[in-house]
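Inspection log for the structure reproduced underneath, given as structure tokens.
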Amino acid sequence: MLQLRVLSYILQPSVQPAVPHNKTSGDAVVKGPPAHLLRVSGSKTLLVSAFLEHRTAQKKVLVISIMFREEKLALQCNLRCQEKLYVSKAVIEIHWDHFGFPYGTADIFCPLPSGCETPTHVAITSTGTNNTDKSDLVFLEVENQRTLNIFPYNFTSCFSTMYNYTNILQLVQSLEMLQFLGVNRVVVYKTNCSADAQRVLDYYSGKGLVEVIPWSLSKYLNVSRKALPTEDPGDIHYFGQIPALNDCLYRYMYRSRYLALHDPDELILPLSVYSWLELLPLLEKDYGADSCYQFENNYFPSEFTLPPPAPVTLPPLEQWQNVTGVNILTHLYSEPVKPKPAFNNFKIITNPRSVFAVTVHGVLKSQKVCAWVDRKMARIYHVSTSHLDAPMLGTAGSIFPPTD
């Protein structure tokens, strides 16, 4: 049976710098292109994307939006069906996970009028403005026109809100590791990054692995760089992370069998098998199929290093010495997990067709209750700066292959 080697240790600072920064011309952050959002005339509402929702009792169009929560307005859906224009009254649902910021993610639902069963485009207008001139309407294309049972991708990972990103080595290692795990699509919602990071994204986009979605919201909003307004005031939580996650959910609902929502510095690693391809059948057997699976977070502080347990050795590092970023292979110190009932962060892998709305950690609305995955079966390896105030006794977990 495969087992994970576990060691005990006292945290020690690494002798060599854990994050060598060798400045190059490509190290400076370059401003990213703006996100492609539409503003509803006469309001503060921003439209992100539109999708046909097949799973409800009555089909409808869902428009993922960003709304000013205190604004009271009624909206109207203008639906284009076979070159004809139909109108219906919009239903608005603002997600509760706005973290106290003025703006939040919202779902605008458009019921389908009789004679308009397959709308191709939708424009949202305020009923309080003069909409008699239909030639001025700006439309979103309605995606997910058909439900599919055969998917181009088996596993898709969604990286939301890549911002000020210069961590080249960890990005490359994470993208390569995800491919080992069975991921064949990574969607990056990019605010901004360095020129070197962009070259990495361009390389993997050319291979067909990565899709980059422009996600700079500064043209529309004053984004916060933190999770709470008390930490960094702004219009919307953490670079607009939550509408990006919901867009990824629907964008790949009928393009990917499974969807993973996590950050570039987080890897969901199985401990008894070698890939997600092997892991998911085990999860479906233990927790049920067509569900979502929650994986507990484990921090591996980038300030500390530890060699792998013998006889495993690190690959030669000479060719990486001039690459900016964190080498995840050297960070095996794991901070202790908070005992329950304390909250530990987690991320998910899910069947996207069983979920209606997602948030930073988990789902807001789904067909089934999400299942906690036993940490002995799989967990998150989060290589980041320390989240402890002082060194503590912990464990060492290896991302190297388990031993027989």
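What angle do you read, to the nearest 10 degrees and between 0 and 90, between the alpha-carbon axis of helix 276-287 and the longest principal axis of the chain? Once rounded, one gets 70 degrees.
A crude spin-label estimate for the pair GLU318 and GLN179, with each label 7 Å from Cα along the Cβ direction, gives 2.4 nm.
With +1 on the Cβ of every Lys and Arg and -1 on the Cβ of every Asp and Glu, and nothing else charged, how large is the dipole of the range 85-180 about its Cα centre, in debye rounded to the nearest 20? Before the final figure, lay out the partial values.
Values: 3 positive and 9 negative charges, 13 e Å.
Dipole magnitude for the range 85-180 comes out near 60 debye.
In square angstrom, what is the accessible area per residue of the range 38-141 with a 1.4 angstrom probe? That works out to 49 Å² per residue.
Here, P(r) means the percent of Cα pairs in each 5 Å bin from 0 to the largest distance; for the range 166-216 it is 5, 21, 32, 30, 11, 2, 0. Largest GNM mean-square fluctuation among SER135, SER126, SER65, using the chain with Cα springs under 10 Å: SER135. In this structure the range 167-225 gives 35 Å² per residue of accessible area when probed at 1.4 Å with all protein chains present. Rolling a 1.4 angstrom probe over the chain with all protein chains present gives an accessible area of which 55% lies on carbon and sulfur atoms. Cross-link list LYS31/LYS72; LYS72/LYS365; LYS84/LYS365: which exceed 28 angstrom alpha carbon to alpha carbon? Listed pairs above 28 Å: LYS31/LYS72; LYS84/LYS365.
Under a Cβ-only charge scheme (Lys and Arg +1, Asp and Glu -1), can you give me the dipole magnitude of the chain about the Cα centre, in debye to the nearest 20? Walk me through the numbers before you get to the answer.
Numbers: 35 positive and 35 negative charges, 162 e Å.
It works out to roughly 780 debye.
Expressed per residue, the C-alpha convex hull volume of the range 38-141 stands at 96 Å³. If you line up the long axis of helix 195-206 against the longest principal axis of the chain, both from Cα atoms, how many degrees apart are they, to the nearest 10? The angle comes out at about 70 degrees. The range 149-187 and the range 35-86 have Cα centres spaced 29 Å apart. Summarising the label geometry, the points placed 7 Å from Cα in the beta-carbon direction at LEU277 and ASP202 lie 3.2 nm from one another.
So if I take the alpha carbon set of the range 106-232, get Rg, then get Rh from the Kirkwood formula, what is the Rg over Rh ratio?
On the way: Rg = 19.6 Å, Rh = 18.4 Å.
A ratio of 1.06.
Antiparallel beta bridges, as assigned by DSSP with both residues in the chain, represent about 70 percent of the total such bridges. By the Kirkwood approach, averaging reciprocal distances over each pair of separate Cα atoms, the chain gets a hydrodynamic radius of 22.7 Å.
Across the chain, Cα pairs under 8 Å and at least six residues apart give a relative contact order of 22 percent.
Taking the Cα centre of the range 131-285 as reference, the dipole from Cβ charges on Lys and Arg (+1) and Asp and Glu (-1) amounts to some 320 debye. Here the simple spin-label model places points 7 Å from the Cα toward Cβ, and for ARG375 and LYS84 these points are separated by 6.0 nm. The value of relative contact order for the range 38-141, using C-alpha pairs under 8 Å at least six residues apart, is 30 percent. Helix 168-181 and the long axis of the chain differ in direction by around 80°, with both axes built from C-alpha atoms. Placing unit charges on each Cβ (+1 for Lys and Arg, -1 for Asp and Glu) gives the chain a dipole about its Cα centre, and among ALA227, GLN198, SER126 the Cα reaching farthest toward its positive end belongs to SER126.
The values are calculated or read from the model by the stated rules, or taken from the named source; none is laboratory data. Note that the coordinates shown come from a computational prediction; the quantities given were computed from them, not determined experimentally. Ideal geometry is used to build each Cβ from the backbone, glycine not excepted, and the neighbour counts take in all protein chains shown. For accessibility, only protein heavy atoms count, side chains too; no ligands or nucleic acids. Shrake-Rupley method; radii C 1.70, N 1.55, O 1.52, S 1.80 Å.
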